[in-house]
Structure formats: structure tokens, C-alpha cells
Amino acid sequence: MKRYYVLISCLIVFLLTGCSEQTLTYEGESTNWRVIYKIIQNEKEVRKQSVEIQSIGEIQKSNITFKQTNPRGSGCEQYFDYDIKGDKELIRGCLDEPLLDNKDDSFDVFIAWEGQEEKIVLKKNLKKQAN
């Protein structure tokens with residue numbers, strides 16, 4: 001009987017730790033842009049992701065192309081109109097699998113507007129990590 005209690009206890013602990021959500025925050029800045037990328041994930045899937053984009057340069061209004069290169073090679077492009085009136089633009093990220101372990105400490109995004117493009121290296125913000 002004692003064996004069953006130990007087995008059930010181990011199974012419960014395994015299920016609880018395997019299904020726990022993790023929040024990751026990546027941040028980066030270029031000359032004209034600040035980007036904050038938030039990811040809520042578990043070991044199996046990305047549950048929610050958002051990208052906050054803010055102009056810190058002279059850009060008031062523009063058509064923007066946001067390109068994301070994921071750490072494992074995939075990526076995406078998104079297009080939107082940026083208007084300083086909204087201060088920050090919030091778009092959905094496009095990770096297709098969770099960022100696990102500490103291998104993925106940074107990844108690149110690109111913002112293009114009016115014939116210009118800037119690369120922003122997003123680095124993991126360890127202060128804002130939550131489990």
C-alpha cells in the first residue's frame with residue numbers, strides 16, 4: 001500500500017511541475033525603437049505572446065514592418081500603421097514553440113519604416129521572469 005502512495009505522490013508532483021506556466025520577458029532598444037516581448041508558455045506550448053513597440057526617436061506616424069527571427073530559425077513579418085498618439089503599439093508575437101532552458105537568452109527583431117530598417121537584439125530580462 002505504501003508503494004502506491006509513493007507512486008501517486010510522484011505522479012502528482014510530475015504533473016504539477018510539467019504543466020506549470022512560465023512568463024518570459026525579452027527587451028531591446030535601437031536608436032528609434034524600444035521593444036518588449038512577453039511570452040507565457042509551458043513545456044509543451046506557447047500559451048500567449050505579445051510585442052510592445054514604442055518609438056523613442058522622431059517617428060510620429062508611419063507604416064511599419066515588424067520582422068521576427070526566432071531562436072530556432074523560423075520567423076514572421078507583420079505590417080501595421082504606427083501613430084504616436086497611441087504611444088505604444090501592441091501586436092501578437094509569432095513564436096511557434098516554447099523557449100526552454102537558458103539557451104535562448106536573446107533573439108533578433110527588425111523594424112522597417114520609410115526606407116529605413118533597424119535591428120533590435122531582444123535580451124532576456126531576468127528580473128521580470130516569473131514561474
Close pairs (8 angstrom Cβ cut-off, 6 or more residues apart or separate chains): farther than 15 Å from W33 by Cβ in segment 114-125, surrounded by 14 or more Cβ atoms within 10 Å (Cβ to Cβ) anywhere: K124/L24; K124/T25; K124/Y26; K124/D104; N125/T25; N125/Y26; N125/E27
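Residue-by-condition table, conditions (1) in a loop (DSSP other than H, G, I, E, B); (2) in contact with a Pro (Cβ under 7 Å, 6 or more places away or on another chain); (3) at pLDDT 80 or above:
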site	(1), (2), (3)
Y5	no, no, no
S9	no, no, no
T17	no, no, no
L24	no, no, yes
R34	no, no, yes
Y37	no, no, yes
I40	no, no, yes
E52	no, no, yes
G57	yes, no, yes
Residue satisfying all of: in segment 59-68; in a strand (DSSP E or B) and hydrophobic (A, V, I, L, M, F, W, C); nearest to T23 (Cα to Cα) among these: F66
Some residue of segment 107-118 being more than 10 Å from the chain's Cα centre (by Cα), modelled with pLDDT under 85, among the acidic types (D, E) and over 27 Å from Q22 (Cα atoms): no
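The values are calculated or read from the model by the stated rules, or taken from the named source; none is laboratory data. Computed from a prediction, not measured in an experiment: that's the story for all the values here. With ideal geometry, Cβ positions are generated from the backbone for all residues, glycine too; neighbour counts draw on all protein chains shown.
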